[in-house]
Structures are given as structure tokens and as C-alpha cells.
Amino acid sequence: MGFLAPWFLGGLAALGVPVFVHLLRKHVTVPRPVSSLMFFERGIQSSTRHRKLKYFVLFALRCALVLLVVLAFANPFVRRAAASQGRLLLIVLDNSFSMRAGTRFSEAKQEALARLAEKSRGEKAQVIALGSQVTLLTQQITDDAQLKAALTNIQPGDGRANFGELGRVVRAMTETMHGAIDLDLFSDMQRSAMPANFADMVLPGNVKLTLHSVAAGAPLPNWTVESVDAPAVLADPKDPRLSRVVAVIAGFNTPAAVKQVSLLINGKVVATNKVNIPANGRATVEFAPLNVGYGFNRCAVQIDGGDALPADDASVFSVRRSDPERVLFVHSTGDTRSPLYFAAAIEAAAPSSFVVQSVAAEQTTDFDPSKFAFVVLSDTPSLPSIFEHALVAYIGKGGGVLITLSTSSAYRERIPLWGASVSKPHDYARNGAATTIGQVDFTHPALAEEHPGRDNGGWDTVKVDYAAAVDPGRARVVARLMDGTPFLLDKQVGEGHLLLLTSGLDNLTNDLPLHPVFVAFVDRAARYLSGSELLSGSRLVDSYVQLRSAARPVGTQASVEVIDPDGKRPLSLSEGRTAQSLRLTRVGFYQIRFANGHDAVIGVNSDRRESDLTPMPDDLQQLWSGAGTATASQQRSAIAEEVKQPMSLWWYVMLLALVTTMAEAALAGRYMGTQREEA
Amino acid sequence: MLQRFLDPEVLAGISSLDLLAKTVVDGFVAGLHRSPDFGFSQEFAEYRAYTPGDDLRHVDWNLYARTERCYLKRYRGETNSQLTILLDASNSMQYTSGPPKKIDYARFIAASLFYLAIRNQRDAAGLIVFDDEVREYIRPSTRPGQLARLFTGLERAEPQARTDFCKPLRHFQNFLHRRGIAVVISDFYEDPETILHAIAPLHFHGNEVILFHILDPQEIRPTLKNSAVLIDLETESRMEVIPEYVKTTYRARVDAHIDALRTRSRAAGMDYQLLVTNQPLDAALREYLTLRQAEN
């Protein structure tokens, strides 16, 4: 207890005013004259005594008022520990996929509820769910019922927890809140939930972390279908290269075992293999051929036998069987090399998926692009206007077009469909030496490569003699030449995509068709432009599916329909008209109808890192929670010192002064009223 | 219209008693229906043989010239009684809860009665101002200037001292030579028995006695929100009283006092009239005229 402005206590001298008024100044009572007291009788009890009582109460109130006002100016304060006020309890419940193992989630929830019940009544708390994202389920409140309801409503999810994300959120929270925080984490402390860098999960100094692990004892053995390699689109079930499913079965903390692995198509077991899985090892199992019917087939690879986490014993994917799709290859009249190279590459990559139909540019008048998976415009500076208009509509509805520029279109100002012009072609051969590809964006679907080699994924060896200089504008430059000239550009038009290769496919302007990377490029570009990859296959939980392009204004777009694995529609009607993308949050099959009218069935699996139930080592947990280390205890004592801050009582004193003023006014009004009447 | 001049609050604004009395009486008379019972002309009554000591002004010199005998010509008015007002000017009469004071109200009544008696009725009028002594005595007379003398006497009658009925009334009996109307104006803060015991001799001498009991409205129905200290105007003694008493017992006691005064005075053959200072003056004038007519 102290005063922030003690010199104002000099104002206590003002107490002399009520003392003078009440005690020193002679109180004059004016009696009331009457003609005669003949008929009156004395009545003292209810007059003088009450008045004296009123008088002293009034005197006390006035003294208290002066005292309180002086105290308010002196600004009294008390030092209060933050333990009683300003301390925040964060209850973090892990609801990641691994918490589905055994009774871990229910145990964690019970422990969290028990911790919430221990909370003192005035203490603020916040409930957080740690899944694929850190979700703040409540505000920082004291309402136990609301906190309990939020905690009770948490359900196990399919996402992957990341302690690094939790650390980031808590650090952001402490930037705006300076009080002490008690963080109680209820989790299985999965080692795979740790970030790559331990520093990412370190919490600030004013956060006291208490770990409540529900994964006591030895780590549980768990087998899982780690990965499945299956075609998303299958045209010919008899194609030995494509019509097969290769699954990798992995065991975590498991002994060597023989497992029966089944392939299910549309809920029926169509094949079963036995596989020997070594201790803590992996084994591959293959199912071929893949006999699926036309349309979408919901497939799964499943392991029999129980383990700690049954939810990851199956991996789902969808396979769409269709007839080979046609590709329209438009070339200039004299160009016979380009269709040859392109068709050969398609044949090598996906022989049964696409059939190339080449046609000269002048003969395209009667062609309807919507009947083709995608269109290639190979060095065609001019197109029949009817066909060009049809192409524009085709792209707007989601079609894909690959444009290549060779010598024929070198000095033509306008590139069909692209909208820009060739400003200045680069003729590297004429200038002395051919150039090569300098920069490749391997994240683009047309060039996607998970682990590109040192030769830039094979693109380093490609020699480019000629490239048209195109202003990229809003297009995405996917590959550049050594001098920075864009080599491959991607531009979204409506719902469709345009790929622009600033060189040709004829082996004259570059030697790309002669390199192995050309086959891979044509294969991926074909899948990207046809969009067939997006309509089936499998994804991981928390990946995103693009529902529509943002190019078209809201309101002119068709609605999107999504049905999740539970058969519910996760998007409302308004969201279905406006949502750009969808986050896949549940394990199972998502059925989607895109804005361009295409249907898709996508299998969604959890991140297999969640299948490894090995908990964090104890020493690492202790290091994280800070228990047992000297620095942590020092930090904690420092926090305790820090949070013991003076709390000003100014507001309470002023409130009391206000109440006293009102009481004094009421009493004085009555008292003075009596005096006036007597006068 | 002139009735409004009888309102005490209006009269309190008039400083001259002469003007006040004229206003009151004219207003009062104008409000009366003319009646033959109340003739105000100098009506001839009789001739009476002159005896030594009679006022020579009343000798009918015309008749003496014809008959050489002295006869006094007597008028009807002169045959009526005289009016004597006994005005209580003790300190209690200066109490007021709003204009006018009780003493002022008493003055208004006295002035009006004098005016009515002298100017309109040709009665002789006199004044006795008393408290615990007789402070002023003006003999009843009809002589010119009598009204002015009476008004002067009234204006000099400032309240002081205490009330004592016995001593001044005993003294008053010494002045009483002739029957008439005696009007006692007081607030009568005394035991009714004592008052009537003091006043009764007046009635025994053949006087018609009227008691005008002057009270302030606050004395009859006082209001007191909180307990208060009261001071007696006459004795200056103090007393603390409570509102509950004033609301109940005091009112009952005042009412009992008034009833006792009224009952006992009428039983003793005297007239009693309670006059509250916020009421018009006509009640007092009407009472006087009624008595005067009965006397004739």
C-alpha cells in the first residue's frame, strides 16, 4: 500500500472545514414563535435526539468526503501479485489424427476438464484446439460454463498437429498481453509434431508450460498404408504400365509381421496380398491389373488386423476410367515435325490416355475445341476467326491451350488468344551461341518434380536457339532462359489455362524434343491442361482444392457443390457461389462439382507422419516445459516479480467519494430543510 | 364588486385606518339589501323638557321662539346605545402566518365598527386598549372628531406585555355609566372560565357583550413537518414539540377551547364570534348590526 502522489496528502488540512462548520461554529437555531404555548406539550425524544444523530452523521460524511477526495488525488495503490489477477490459463487440447489411437483423446479431454474445474473463479481462461491449425475456441473469459462447453465440443480431427505452430500463436499472443500465462497442453506429445527447428516451439518467458501427456509408457506399435501409387485416370485397364496400384506398408515401433493387404474398389475387396513387413520397416505390395469400371471408382488399400491406430489402416484414392481423350494439335501448313515430336512424347508418356489429332491451322474452321482434352497451337500466327472464337469460349469454360512460338510467328505482332504481341525475338543462333534454360519453377504442375537433379531437372542441357520475347504481363513465368527471357508462361483466362512456350516444338528453334525431359514435360503439361489430375486421385488432409478462378466477377459464376465424407455439404449456398478454394479437412471421399461443370471425386488421407505414435523424448519434453532447469526457475521467479505490479485504487476511491457525496447531499438536504422550516 | 374590499389581504395594503374603515363599511353596506329596519336618516323621536345640564346644542330654538319654553329635540339615533370596543393589545396578538397580523385584523374590525357606528348609526363609540393594564381609554362619544380620536387610539395600540382580563375589565367597569354594546376583541389565550368570569359583570350591567375571538389559521390547524422549538410571544418561554402532537392533540385542544368559549359565553348571554384572519370582515359587522337591531 502506498501513494503514487503523496504530496497531495497535504490536502488533508481541508478536514478543518467540516470541523469548523460543525464543531467550532456556534450553531444558531431560530425558534418558531407562537402566540401561546398554552396548548402545546413538550416532545423531545423524536426531535433533538434525531437531529443530533443527523448532525453527527452529516459531519462524518463530510469528513469522509474530504478524506476520499484527498486520497483520490494522492492516488493510493496496492501491490498485487498477478496470480490473483491478470493470469491467463490456456487449455490446449490436441485433436490431431494421432489422438484417435486408443482412448487418448477421451483421456486428454477428461484431464483438460479436470484442470478447468481447478481454475479459480475469477481467473481468465481460453480453450484452444491443436489440430492442423491452432483454433482459438473461446475468448479470454471467466465463464466456466462457456469454457467447459467449448472443451466438450472438441472432436478428434484428421489433421496433423504442429507444436511449432502452437509456439508461434502463443508468442503472438504474448506480444499483446503482458500478464503471466499458464499453458496446459493435453496431447500425446507425438515426436512427429515437432517442427524441424526446436526454436520454433520455444515459448516466451512469461508462459508456464505444463505438459499432460496421455502417451505414457512404451510407444504403441502401429502399421499404416504409408503411400499408394495409383493412376488417377485410367483409360486402358490392360495397360501394364498404368493399370496397377503400388502401396507401401510401413510399421512404426512394430515387430516383424505378415500382414494381409487388400484392395477395395467401391467397397468390395477385389484383391488381397500378403506382405512381410520387417520390424520398424516398410514393404511394398502391388495390385495389377486395376480392373475398374467407367466413371469414378472409390478405391482403398487396407491392412487387416488391429493396431494402436486403426484409422490409418486404409488409404483411399479414386480412379476415373474413361476412354482415351483426344488432343487437337494445330500446326502451320508446312510444319510436320512438331506434331511428330509431340505425338511421340504423348505416346511415350501416356499411350492410352491421349490420342493426338493434328490438323493444319487453315482446316480448323469446323472443329469444336470442347470435344478435346486440350489444344496445342504450334506456331500458328493466324487462325480462322470462328475457331479462335470457339477457343476463347473453350478456355473461359475451363479448357487448356498450349501455344508455342516458332519462326513463323516471330515477326507477327499478335499471338492468338494470348492477347500480347512478340516485341523482339531473340535469335541466339544467329548471335553466335545457343542459350539454355536458366530457371525452372518446379512447383508448377506442368514442370512438377519433387527432387530435381543437379542439372536443373534435365533442363540445363536443353539448347535454345530462338525465343520470342513476350511481355509476361499478369502471366506466371514458369521457366526462364539464362538471359532472363521468359521461356514458359502460364496465364489463367476464365476457368481455363494458357501455357505459352516462347520457342517451338519442331527441333529447329531448340533441341528440347530430343531430351528425355521433353516427355515428362509433355506428360505433365497434358495432365495439367486437361485437368484430369484434379478430378480424381488422392490428397492429404489440409490440402486445398481450387474451386474456381478469381478472374470472373462474383455473381456471374456458377455455384460449386461439395459433399464431404460424411455426406454433408460443408459450404453454404452463398459460400458455394463465392468460395475460391476448399480446405480438405476430413479423411474419406470428397465429391465436388466445380464451377466449370466438371465433377470430381477425391480421396483424402491423413498425413502419415501422424501414424508414428512415438512420443517426444522425456528430456526434450522437460526442456520444452522448462522444468528442472535453473534458467527456467529463474525466469519463473522473474515473472513472479514482474507480475507483482502496483494496482491503483484511484477509481475505487472516486467511486466511494461519489457515493459519499450523494449520501451527504441527501442528508444535508433534509437537515437544511428542517432548519429552513424552523426559520 | 365591493365585497372584495373586505378581504383581509387586500385591506392589509391600506395604511390609513380611515380609508380602510370607509372601504370596508361602504363595501359592506353596498352589499346589503336596503331594509326599513336599518334607517340611517336623522329620524325625529320626541321633545323633552330641558333640564339643567343638558347640552344647549340640542335645544329647539325655533320652538323656544314660538313658545318661550326650552325643549330638547331628540332624534332616534341618539336614543341608541353606545359602542365600546375592548381591544387586546398583548404580545400574542402580533402573531401571524401571513398578512395580516392578528392585531391588524383586530384594528380593521374595530375601525370598521367605529365607522359604522359613528358615521352610519350615529352611535357613540369608545375604545379601551388593554393588555395586563388599561393602556388607553377613549370615552364613548358622538362628538365630531371622535372617529379620528378612535383611529389614533387604534394606531397607537401596538402589542406589548401579556394579557390579563381581570384587571382591565375591573377598571372598565368604573368607566361604564351607560348601557351599550361592549365588543371584546382578543385571541383569548386564557382559561374560558377566567375570561367569562372577568367579562360577565359587563353583561350584568345591561350591556350587550360580543366576544370577537381572533385567531390565525395556523393557530387552529398548524402544520409542522419536523420537530421544532417554539417560543411563546408573551412569556418568551421555549418548548420543543413534535409534529405528531401538533397534528392530533393540539388541534383537539384548540377546538375544545373554542367550543368551551362559545358554549359558555352564550350560556352567559353573550355573543361569541370566531374570526380567522384570512376571512372577510363582514361577519363581524353583521354581528354588530344584528345585535344593535335587537337592542332597539
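Tabulated data
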| item | result |
| --- | --- |
| Partners for residue A:259 among lysines (Cα-Cα distance below 22 Å; same-chain residues under 8 apart left out) | A:268, A:274 |
| Lys/Arg +1, Asp/Glu -1 at C-beta; the protein assembly as shown dipole; positive extreme among A:40, A:560, A:331 | A:40 |
| Relative contact order (%) - criterion: Cα under 8 Å, at least six apart; region: chain A | 15 percent |
| Qualifying lysines (Cα of each under 27 Å from Cα of residue A:124; at least 8 residues distant if same chain) | A:109, A:148, A:208, A:644 |
| Electrostatic dipole magnitude of the protein assembly as shown [Cβ: Lys, Arg +1; Asp, Glu -1; Cα centre; debye, to 20] | 2820 debye |
| Spatial extent of chain A: Rg and Dmax, with the Cα atoms as the point set, Å | 39.4, 143 |
| Antiparallel DSSP beta bridges within chain A, as percent of all bridges there, nearest 5 | 65 percent |
| Dipole axis of segment A:72-230 (+1 Lys, Arg; -1 Asp, Glu on Cβ), positive-most option in A:73, A:156, A:210 | A:73 |
| Helix A:163-176 vs. chain A, principal-axis angle (Cα, 0 to 90°, nearest 10) | 40 degrees |
| Given A:238/A:397; A:397/A:491; A:371/A:463; B:22/B:102, the pairs whose alpha carbons are separated by over 24 Å | A:238/A:397; A:371/A:463 |
| Segment A:277-327-segment A:488-545 distance, computed between alpha-carbon centres (Å) | 26 Å |
| Principal-axis tilt of helix A:650-678 within chain A, Cα atoms, nearest 10 degrees | 40 degrees |
| Three-way shape call for segment B:195-296 based on the alpha-carbon gyration tensor, with the a/c threshold at 1.5 | prolate |
| Helix axis angle, A:48-74 relative to chain A longest principal axis, alpha carbon, degrees | 40 degrees |
| Structure-based [θ]222 nm, chain A - -39500 (n - 2.57) summed over DSSP H runs of at least 4, per residue, nearest 500 | -8000 deg cm²/dmol |
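Throughout, read-outs are computed from the coordinates displayed, never taken from laboratory work. This structure is a prediction, so every number in the text was calculated from the model and none was measured. No Cβ is skipped: glycine too gets one built from the backbone with ideal geometry, and neighbour counts run over all protein chains shown.
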